[in-house]
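The values are calculated or read from the model by the stated rules, or taken from the named source; none is laboratory data. Treat the numbers as computed from the prediction; the structure is a model and nothing was measured. All Cβ positions, even for glycine, are placed from backbone atoms using ideal geometry, and neighbour counts span all protein chains on display. These accessible areas exclude ligands, DNA and RNA; they are computed on the full protein's heavy atoms, side chains included. Shrake-Rupley method; radii C 1.70, N 1.55, O 1.52, S 1.80 Å.
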Amino acid sequence: MAGWVWRTAIAAAAMIAAGVASAQPFPTKSVHILVPYPPGGGVDVLTRTLADVVSKAWGQSIVVENRPGAGGVIASQTIATSAGDGYTLIMVASGHATNPFLYPKLPYDTFKDFSPISLLASSPNVLLVRADSPFKSVGDVIAAVKAKPGSLTYAHAGNGTSTHLAGELLNNLAKIDLSAIPYKGGMPAINDLLGGQIPMSFNNGPESIGQLQAGTVRALAVTTASRAPFLPDVASMSETVPGYDTEVWWGLLGPGGMPADLVTKISRDFVAALNTESVKERLGKLGAIPIGSTPDKFDAKIHADYDKWGPIIKAAGMKAE
């Protein structure tokens, strides 16, 4: 009996300590947010835009660190092994949900080792060609590939990313054979597109919009079922390929086991920043659509994408480069 009482006392003390720890003011020092992709991409732009607003509200700096590599696995492993005190977070893209199918031995559990905070924004991907490309529409691309299977390639941000899945979905629904060329991020892909090393590229909205405005590239289609508000004159892929619909999303995660009240606070503060007029205007110009979900809804989204894309990735035989 004495042993049971002692164990109960220890457990109660631990619970009280955790409650006190989670009730401490936050933040009292700099917060670090890891971006698992190179600077200039959609994840990076969204993170820095929100960090600027939230840091002012918190009265503490938010340090954004780019740690690209292995489709986000390197940065995600850092988060998975970090303390769940809210001072180290990560902004992930849709690929977080699909990495388990690409990396058979991930150094973390996609669900157990992370605390979903908020699904913050989404964007259609965009099929881009150079401004001087002979392709004027998705129909032109499909016709060219069918006339000479395997003759065309497209760039994407890495195996299993939303831009890769966008190309594979086009192959699947249009019954064509575009060859995929992986890059270490969206901006390197655009650079090679501009340099003429690749004839076309799938990129997310924030990566694409600046080049489109500069007139260096042309958009053939957006990948969502409907046209995008920021590119109203660009056709949706579904106008040529019925049933086509995909997007990229971005969300904030923390290490697993974060106190619920801390998760709620961080989620609330980032959603509040997302809903400021300056941020909405900035994201709208970048081609990102604000969402700002609860932690539970973000968790559900990750699970839904895991279930949706897993069979497609397996059928295509996709593996991490």
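Using a cut-off of 12 Å between beta-carbons, work out the net charge of the residues near Pro104 (Lys and Arg +1, Asp and Glu -1, Pro104 not included).
Numbers: positive: Lys105, Lys314, Lys319; negative: none.
Residues near Pro104 contribute +3 overall.
Under a point-charge model restricted to the Cβ atoms of Lys and Arg (+1) and Asp and Glu (-1), what is the dipole moment magnitude of segment 131-219 relative to its Cα centre, in debye to the nearest 20?
Here segment 131-219 has a charge dipole of around 160 debye.
What pairs from Lys136/Lys184; Lys148/Lys184; Lys112/Lys184; Lys184/Lys301; Lys148/Lys175 go past 20 Å between their alpha carbons?
Lys136/Lys184; Lys148/Lys184; Lys112/Lys184; Lys184/Lys301
Any lysines with Cα under 28 Å of the Lys56 Cα? List them, leaving off those in the same chain fewer than 8 positions away.
Candidates past the 8-residue exclusion: Lys29, Lys265, Lys280, Lys285, Lys297.
What label, among (i) 31, 59, 10; (ii) 33, 60, 7; (iii) 32, 53, 13, 2, 0, belongs to P(r) over Cα pairs in 20 Å bins from 0, in percent computed from the structure on display?
Matching the structure shown: (iii).
So for the chain: antiparallel DSSP bridges make up what percent, rounded to the nearest 5? Before the final figure, lay out the partial values.
On the way: 23 of 37 bridges.
Taking every DSSP beta bridge with both residues in the chain, the antiparallel ones total about 60 percent.
Given H placed on each backbone N at 1.01 Å, which residues far from His156 in sequence or on other chains put an amide H within less than 5 Å of it?
The list, which skips near neighbours in sequence, is Ile181, Tyr183.
What's the local net charge at Pro259, with K and R +1, D and E -1, over the other residues with C-beta under 12 Å away?
That works out to -1.
Considering only Lys148, Lys184, Lys285, give the residue with the highest GNM mean-square fluctuation for the chain, with springs between Cα atoms whenever their separation is below 10 Å.
Lys148
Grab the other residues whose beta carbon is less than 11 angstrom from that of Phe26, score K and R as +1, D and E as -1, and report the net.
Around Phe26, the surrounding residues sum to -1.
In the Gaussian network model of the chain, springs joining C-alpha atoms below 10 Å, which of Gly256, Gly195, Gly292 carries the largest mean-square fluctuation?
Taking springs between Cα atoms under 10 Å, the residue moving most is Gly195.
How long is the gain from Ser179 to Lys29 if the chain were fully straight, where each residue apart is worth 0.36 nm and the alpha carbon distance is subtracted?
49.3 nm
Order Glu247, Glu277, Glu207, Glu239 by their accessible area, 1.4 angstrom probe, all chains in place, largest first.
Glu277, Glu239, Glu247, Glu207
Top mean-square fluctuation among Leu173, Leu220, Leu274, Gaussian network model of the chain, C-alpha springs under 10 Å?
Checking each option, the largest mean-square fluctuation is seen for Leu173.
For the chain, with every protein chain kept in place, what is the accessible area per residue (1.4 Å probe, Å²)?
Roughly 43 Å² per residue, with all protein chains present.
Mind listing the phi-derived Karplus ³J(HN,Hα) values for segment 56-62, rounded to whole Hz, using 6.51, -1.76 and 1.60 with θ = phi - 60°, and x for any glycine or proline?
5, 5, 7, x, 9, 6, 10
How large a share of the accessible area of segment 133-194, in percent, is made up of carbon and sulfur atoms when the probe is 1.4 Å and the other protein chains stay in place?
Roughly 56 percent, rounded to a whole number.
From the helices alone, meaning DSSP H stretches of at least four residues, give me the mean residue ellipticity at 222 nm for the chain, per-run term -39500 (n - 2.57), in deg cm²/dmol to the nearest 500.
Estimated from H runs of four or more residues: -14000 deg cm²/dmol.
How would you classify segment 52-105 from its alpha-carbon gyration tensor, with a ≥ b ≥ c the square roots of the eigenvalues: rounded for a/c under 1.5, else prolate if a/b is greater than b/c, otherwise oblate?
Working: a/c = 2.76, a/b = 2.14, b/c = 1.29.
Prolate is the answer for segment 52-105, as a/c is 1.5 or above and a/b outweighs b/c.
Heavy atoms only, probe 1.4 Å: what % of the accessible area of segment 218-278 goes to carbon and sulfur, would you let me know?
It is 54 percent, rounded to a whole number.
Quick check for me: using +1 on Lys/Arg Cβ and -1 on Asp/Glu Cβ, what's the dipole size of the chain about its Cα centre, in debye to the nearest 20?
Roughly 160 debye, rounded to the nearest 20.
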